[in-house]
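Report on the following structure.
The values are calculated or read from the model by the stated rules, or taken from the named source; none is laboratory data. Everything quoted here is computed from the prediction, not taken from an experiment. Reconstructed Cβ throughout: ideal geometry from the backbone, glycine too, with neighbour counts over all protein chains shown. Ligands, DNA and RNA are stripped out before the accessible areas are found, and what is left, the full protein with its side chains, is counted by its heavy atoms. Shrake-Rupley method; radii C 1.70, N 1.55, O 1.52, S 1.80 Å.
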Amino acid sequence: MDNTSDRKVVSWNSLTFIISVAINFVVYSLFYRTFNPEIFGVYLTSISIFLLGNSLDLGIGISTIKVISEKKIINDFLYINRFVSTFLVIYLGMGLLISSLLFLNYRISFQSIPNISNINGFFLKIVIYFFIIFINGFFKVILEGYYQYIVLGKIAIILATLNLLIAVFIYSFSLSIDYLLYSNIFINLLHTILLLSLIIFKIKIKIDLTTFDKGILKSNIKHNLNVQISYIFGNSIEYIVRYLLGYFISFASVTYYENARKIVNIINGLIATSQRNLINKIAEFSSTNKINEYLNSDFLVFPKLANAYSLFVFGIMNIVFSCIIFYWFKSYDSLLIYSLLSITFTIINFGSPLYSVLLINNNGKHLVIIQMINFFSMLFFLFVFLFLYKNEFGIIGYVIATFVNIWFILKILQSKYDLKIRIILKETYGRQIITLLCILIVQSILLFTFKINFLYVTSGVSLTCLILFFNQTKFLLYKLKKLTI
């Protein structure tokens, strides 16, 4: 892939993200104002398990990008056709099985919901919504393997706009949450039609479910199953966080958590979308046996850029996003949660490019180890701190578990690729990130423990970070201006 292609992809990914999250933020805000916090909290908790359900795909999703990226280089399109047909059969079967298990889980977990008379109907619509999203996930990674990020971005903007129109309608007439569920199903069915049309008519993949190839399944299953297991553990996290918040505090706290999470997703999405082509790059260098050379040179710009971004958005822009949360959602609880999440996602931003290496250039065993550590440390620390504090400060357990997880990722990369942790930190603004983490921890303690006016605290943090991290911000702006890394 040349720099021109990369530049266009990064530019479109960034534009798609900005437009989509702006629209989705308005949509979420309208729903937040339309529905009762308890009902909306149950809905958010229910769909959060989608992440767990989506992980039960035998690791096919990420493997599809890897296989297509590698086979395209040698023009083995017949293999791609058989691979897609084989794993589409698996995906359909898994989708039906997981949907059934999700419905059973919902009925066990929620015996009654305030103001919802037909509980079975409520969860049936959520399960149908999940099944469609699950299948669309496979179609989407096929297109990503073919580097069709631009057309995927255009579709995302169209669907987000349609979702906004529906949200305005629901808000204007104060409709029930059933209308939200129906709209979810409709929009994602439309998404299915668009994705399938592109696969068949644009990139011309020939899908034939009768050409199920056991050999292809067997050759990919080892890596897939390891990725599968790691995804099950990793994608359980958000459901666990929401469930424990609801258990120890209230389901209203789940809504407050989601408010803060929405802002964090908006902030993080820009850097995540600008680096989406990293998986393709790693797969290509891996297929040409140049992965070690790449990881010790050009690759380091990815975590460096992610760290520079965190210094800017969670440090310098601290007061801006804190004010948005407090005044838009009118919720001090959401602000407190955001303060803790900013610590967590500063660490995650740094670790995400590193984790991508293990995701692609590995047989998957390290993924399982990492995600098991992540899952059990998260469960332990979150449970302990929520039990001790009985309020949102218990989310500090999320922070501790994330730090433990990233440290193990660094150790694995050090042993497998001879990457020196000290050099990685030096080349990627590691010292500045450690400084930012200390500042954010102090901020959270001041807000939770001493109840100091958040405007004084966050403005002080922003000013301090502007002074300390000015040079890193110049690097960030330079890279964003070029729109390629």
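Brief remarks follow.
- All aspartates and glutamates inside 16 Å of LYS290 as judged from Cα atoms, apart from same-chain residues fewer than 8 positions distant: GLU70, ASP298, ASP418
- Relative contact order %, the chain, counting alpha carbon pairs below 8 Å whose residues are six or more apart: 22 percent
- Within the assembled protein chains, the solvent-accessible surface assigned to ASP76 is about 50 Å², based on a 1.4 Å probe.
- Counted residue by residue at 0.36 nm each, then reduced by the alpha carbon distance between them, the extension gain from SER197 to ASP213 reaches 3.4 nm.
- Protein heavy-atom accessible surface, 1.4 Å probe, per residue over the chain: 42 Å².
- Think of it as helices only: each DSSP H run of n ≥ 4 in the chain is worth -39500 (n - 2.57), and spread over all residues that comes to -27500 deg cm²/dmol at 222 nm.
- Whole-percent carbon and sulfur share, accessible surface of the chain, 1.4 Å: 66 percent
- The local environment of TRP328, defined by Cβ-Cβ distances under 15 Å, has a net charge of +2 under the rule Lys, Arg +1 and Asp, Glu -1.
- Listed residue (GLY41, THR64, LEU96) projecting farthest to the positive dipole end of the chain, Cβ model: THR64
- Using θ = phi - 60° and Karplus 6.51 cos²θ - 1.76 cosθ + 1.60, couplings along segment 381-398 (whole Hz; Gly, Pro as x): 5, 5, 4, 4, 6, 5, 5, 6, 9, 6, 8, 5, 5, x, 5, 4, x, 4
- Potential extension, SER29-ILE467 segment - 0.36 nm per residue separation minus Cα distance: 154.3 nm
- Ordered by 1.4 Å accessible area with all protein chains kept, ILE23, ILE319, ILE18 run largest first as ILE18, ILE319, ILE23.
- Pairwise FRET efficiency - ASN36 versus LEU124, Cβ, R0 = 25 Å, nearest 0.05: 0.75
- Karplus (6.51, -1.76, 1.60) ³J(HN,Hα), θ = phi - 60°, over segment 137-154, in Hz, Gly and Pro reported as x: x, 5, 4, 5, 5, 4, 5, 5, x, 8, 6, 8, 5, 5, 5, 5, x, 5
- With 10 Å bins from 0: P(r) over the chain, alpha-carbon pairs, percent: 4, 18, 30, 30, 15, 3, 0
- Cα-based Lys proximity count in segment 330-485, under 30 Å, for pairs eight or more positions apart or on separate chains: 20
- Put CYS323, CYS438, CYS465 in order of accessible area, highest first, and with a 1.4 Å probe you get CYS438, CYS323, CYS465.
- Reach of LYS204 by Cα under 16 Å, taken over aspartates and glutamates that are not fewer than 8 positions away in the same chain: ASP76, GLU144
- Estimated inter-spin distance, VAL151 and CYS323, nm [label 7 Å along Cα→Cβ]: 4.4 nm
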